[in-house]
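First comes the structure, then the notes that go with it.
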Amino acid sequence: MRWRFTSGAVALSAVLLAGLVSGSAQGEPTGLDALRLDLDRILAAPELNGAHYGLVVRKAVGGEVLYSRGATGRLNPASNGKLLTSAAALETLGAGHRFTTEVLTGARTAGGVVLGDIHLRGTGDPTLRESDLNSLADQLVSSGVKTVTGRVVADDTWYDSVRLGSGWAWDDEPFYYAAEISALTLAPNSDFDAGTVRLQARPGPVGKPAQIQLTPETSVVTVDNRTVSAAPGTPSSLSIDREHGGSRLIVTGTIGAPAEDYPTVGDPTAYAADVFSKALAAKGITVARKDIGRGAAPAGAKVLATHSSMTLAELMVPFMKLSNNMHAESLVKAMGRKEKGAGTWAAGTEVMAKKLAGLGVPEGAYRMVDGSGLSRMDLITTEQLGNLLVAAQNRSWFPAWYESLPVAGKAERMVGGTLRNRMKGTPAEGNVHAKTGSLTGVTGLSGYVTAATGERLVFTSVMNNYLTAKLSGLEDAIAIRLAHYAGAQDRSIATTVPAPRAAGPNPHTDLECTWTRTC
């Protein structure tokens, strides 16, 4: 049977033809031999010449290895690293863990007057929204608070003050997938993109600047509006940059129709406190001092209002389906805070290493310096990822973890996630549950697939250092072939692998599809 690549590689076609002729002379391969032959052919794609890659396929029950190639070579996992973070977080914090945000005071209260400061204290909730801050203000109103003689003080001391991960690129800073991490932060949307603000641009009179609106409204972010309004129907080309280390957004582009994006905020702590201050004013609570303070709430401070997040099991869905980096990083620091009393990346990754050692990922044999896989310093093997996928099945939290993985071809965002537009119309659709991962020159797909025999398989594929655009077609071909696997009755089958695009000049276009708002 034919195996067809649409990459137009004459040399590869000749190699495959020679292999098929040889195979025909010896009899058509069956069973595992047929599967291995087809996987070898997929990995013979010319796009992988000079690249590094690993592929491991195992039986989910018992862990028997069905296919292994490049399994022990360390590779950058990109967002496949979130498999490690999520599993370690469930082990460490528990599926029922909730983040809390509190309003406290160390001052006396009398007749509805707080005679001093109030403190807004965060513990890393990446799902905190403006509506939650409004709820905290409502609680103050219900308790009789009318006036604060001091100021609002932002307490983000649950985590350290290091905002960006090791090995993160400086030119990623304006983009929402690289927002700064704080124990007190705010998300502007139901995807919970913590540390960002929603920026909407609407065309005004032709030739004039577009109208810019920020949601939630905040004075922490300033906008340098350099846009130009165009005639209706003109495609919009909204572009947003943020000053390195600052809070000024430089907005450019031609705006012919409403457009929006979610740029990062330079100071997420001040952002959350500012929006909270506005909520207090809207509820009729007067705060005498308008400047926002910073620092830890005093020991023994009285809790005036509190908000609890969704559980960690519930958070797994937006975290893993949409590959949310900020969720991953907050969980790393939360693990460090719980186990070592330090909300730092160093403490958190040390805790992760201890927990993952019990899940088939030995300490000292890999490197994760962050939780999201955004760092170019992260290194792990496909063998280790496969070990985790097999071992996780024995944990009580596995059902929630499994359901949080993107599902191939399922259009609903919180089901299909980063795989919602892939493998449609194939045996992999609705079957493959797997975590995607991508950076420029890096792609990964690791998870579970049910073969034609009804047996669940574990697979993990990671590819590094290729020069084309993301090799999703090769990953999909692997997953689809595994869905076809018929055990002892298996035969070599024809598969088409789409030709990848040439690498473009903008590295930010070859990232997770949810990061680029394309899925």
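Might you let me know whether region 146-165 holds any residue that is closer than 24 Å to THR514 by Cα and touching a strand residue (DSSP E or B) at 6+ places or on another chain (Cβ under 8 Å)?
So far as region 146-165 goes, no, none of its residues is closer than 24 Å to THR514 by Cα and touching a strand residue (DSSP E or B) at 6+ places or on another chain (Cβ under 8 Å).
So which residues in region 145-189 are over 28 Å from ASP378 (Cβ atoms) and of a type in the set (A, V, I, L, M, F, W, C)?
Scanning region 145-189 gives VAL145, VAL148, VAL152, VAL153, ALA154.
Matching residues to (1) in a helix (DSSP H, G or I); (2) modelled with pLDDT of 95 or more; (3) more than 18 Å from the chain's Cα centre (by Cα); (4) more than 30 Å from ALA87 (Cβ to Cβ):
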site: GLU260; (1), (2), (3), (4): no, yes, yes, yes
site: TYR271; (1), (2), (3), (4): yes, yes, yes, yes
site: LEU280; (1), (2), (3), (4): yes, yes, yes, yes
site: HIS327; (1), (2), (3), (4): yes, yes, no, no
site: LEU331; (1), (2), (3), (4): yes, yes, no, no
site: ALA346; (1), (2), (3), (4): yes, yes, yes, no
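Select from region 495-510 the residues that are within 28 Å of PRO427 (Cβ to Cβ) and aliphatic (A, V, I, L, M) and write down the one among them that is modelled with the lowest pLDDT.
Filtering region 495-510 for residues within 28 Å of PRO427 (Cβ to Cβ) gives 495-501, 510.
From the residues that got through so far, the ones that are aliphatic (A, V, I, L, M) too are 497, 499.
On the way: VAL497: 78, ALA499: 74.
Filtering first and then ranking leaves ALA499.
Taking only pairs six or more apart or across chains, which ones have beta-carbon atoms under 6 Å, a first residue in region 346-370 that is in contact (Cβ under 8 Å) with a residue 24 or more places away in the chain, and a second residue that is part of a helix (DSSP H, G or I) and surrounded by fewer than 19 Cβ atoms within 10 Å (Cβ to Cβ)?
Short answer, once both residue conditions are applied: VAL351/GLU339; LEU359/ALA391; GLY360/ALA391.
Out of all the residues in region 424-454, which are buried (at least 21 other Cβ atoms within 10 Å of the Cβ), closer than 20 Å to VAL56 by Cα and aliphatic (A, V, I, L, M)?
ALA428, VAL432, ALA434, VAL442, LEU445, VAL449, ALA451
Can you tell me which residue within region 95-144, out of those that are among the basic types (Lys, Arg) and touching a strand residue (DSSP E or B) at 6+ places or on another chain (Cβ under 9 Å), is nearest to LYS278 (Cα to Cα)?
Of the residues in region 95-144, the ones among the basic types (Lys, Arg) are 98, 108, 121, 129.
Cutting the leftovers down to touching a strand residue (DSSP E or B) at 6+ places or on another chain (Cβ under 9 Å) gives us 98, 108, 121.
Numbers: ARG98: 26, ARG108: 23, ARG121: 17 Å.
So, considering only residues that are among the basic types (Lys, Arg) and touching a strand residue (DSSP E or B) at 6+ places or on another chain (Cβ under 9 Å), the one nearest to LYS278 (Cα to Cα) is ARG121.
Being surrounded by fewer than 22 Cβ atoms within 10 Å (Cβ to Cβ), assigned to a helix (DSSP H, G or I) and not charged (D, E, K, R) is the filter here; which residues of region 350-387 pass it?
ALA353, ALA357, GLY358, LEU359, ASN387
Look through region 458-488, keep the residues that are farther than 19 Å from THR382 by Cα, outside any helix (DSSP H, G or I) and touching a Pro at 6+ places or on another chain (Cβ under 7 Å), and return whichever of them is modelled with the lowest pLDDT.
Here the residue is ALA469.
Could you tell me which of the residues GLY81, GLY73, GLY63 is closer than 19 Å to MET368 by Cβ and surrounded by fewer than 24 Cβ atoms within 10 Å (Cβ to Cβ)?
After ruling out the rest, the residue left standing is GLY73.
Can you find even one residue in region 396-403 that is surrounded by fewer than 16 Cβ atoms within 10 Å (Cβ to Cβ) and touching a helix residue (DSSP H, G or I) at 6+ places or on another chain (Cβ under 6 Å)?
Taking every residue of region 396-403 in turn, at least one turns out to be surrounded by fewer than 16 Cβ atoms within 10 Å (Cβ to Cβ) and touching a helix residue (DSSP H, G or I) at 6+ places or on another chain (Cβ under 6 Å).
Among the residues of region 264-286, what is the count of those that are surrounded by fewer than 19 Cβ atoms within 10 Å (Cβ to Cβ), within 19 Å of GLY116 (Cβ to Cβ) and among the hydrophobic types (A, V, I, L, M, F, W, C)?
So the count comes out to 1.
The values are calculated or read from the model by the stated rules, or taken from the named source; none is laboratory data. Because the structure is predicted, anything quoted here is derived from the model rather than measured. So basically every Cβ, Gly included, is an ideal-geometry build from the backbone, and we count neighbours across all protein chains shown.
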